[in-house]
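Please read the structure below before turning to the comments.
The values are calculated or read from the model by the stated rules, or taken from the named source; none is laboratory data. The shown structure was predicted, so the numbers you read here are calculated from the model rather than taken from an experiment. Cβ: placed from backbone, ideal geometry, glycine included. Neighbour counts: every protein chain shown. For accessibility, only protein heavy atoms count, side chains too; no ligands or nucleic acids. Shrake-Rupley method; radii C 1.70, N 1.55, O 1.52, S 1.80 Å.
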Amino acid sequence: MPKPAPKPSIVAKVEDGSPMVEIFSMEIGKDGSLVMDCKALGSMRMDVIISADDVAKGWPVVKASKKSIIAFAKQIPGALKKVKKAQKAAEAEKAAQA
């Protein structure tokens, strides 16, 4: 029996490449906070909650990291194109084998 396809997620890894946090979904909570459905250390499923107040309190971190955040964000469009291209190639290969 074939393995089910992995659920799409964002994975944050530590230096050795092992997963630290895997994010499966994000939504706005009733109080306006960001609620992320996560799995920590490969096994502990939990909701991680960040409020706007939490971000405001940590704003000096964001402000000091602004250049890094912007440089990282600029990489996302290219990464999306790369993933879409790989998905199309996989679909074409699957269709050719059928």
Exercise. So which residues in the range 42-73 are part of a strand (DSSP E or B), open to solvent by less than 90 Å² (accessible area, probe 1.4 Å) and either farther than 21 Å from K7 by Cβ or of a type in the set (K, R) (or both)?
Worked result: I50
Exercise. With (1) closer than 22 Å to L80 by Cα; (2) surrounded by 10 or more Cβ atoms within 10 Å (Cβ to Cβ) as the list, and K39 as the residue in question, which single condition is left unmet?
Worked result: (1)
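Output the residue which, of all residues in the range 27-36 that are open to solvent by 100 Å² or more (accessible area, probe 1.4 Å) and part of a strand (DSSP E or B), is farthest from I76 (Cα to Cα). Full working, then the answer.
Residues of the range 27-36 open to solvent by 100 Å² or more (accessible area, probe 1.4 Å): 27-28, 30-31.
Adding the requirement that they be part of a strand (DSSP E or B) leaves 27-28.
Numbers: E27: 20, I28: 22 Å.
Taking the candidates together, the pick is I28.
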Problem set entry | Answer residue from the range 1-16, given it is over 14 Å from M36 (Cα atoms) and either aliphatic (A, V, I, L, M) or modelled with pLDDT under 90 (or both) and is most open to solvent (accessible area, probe 1.4 Å) among those | M1
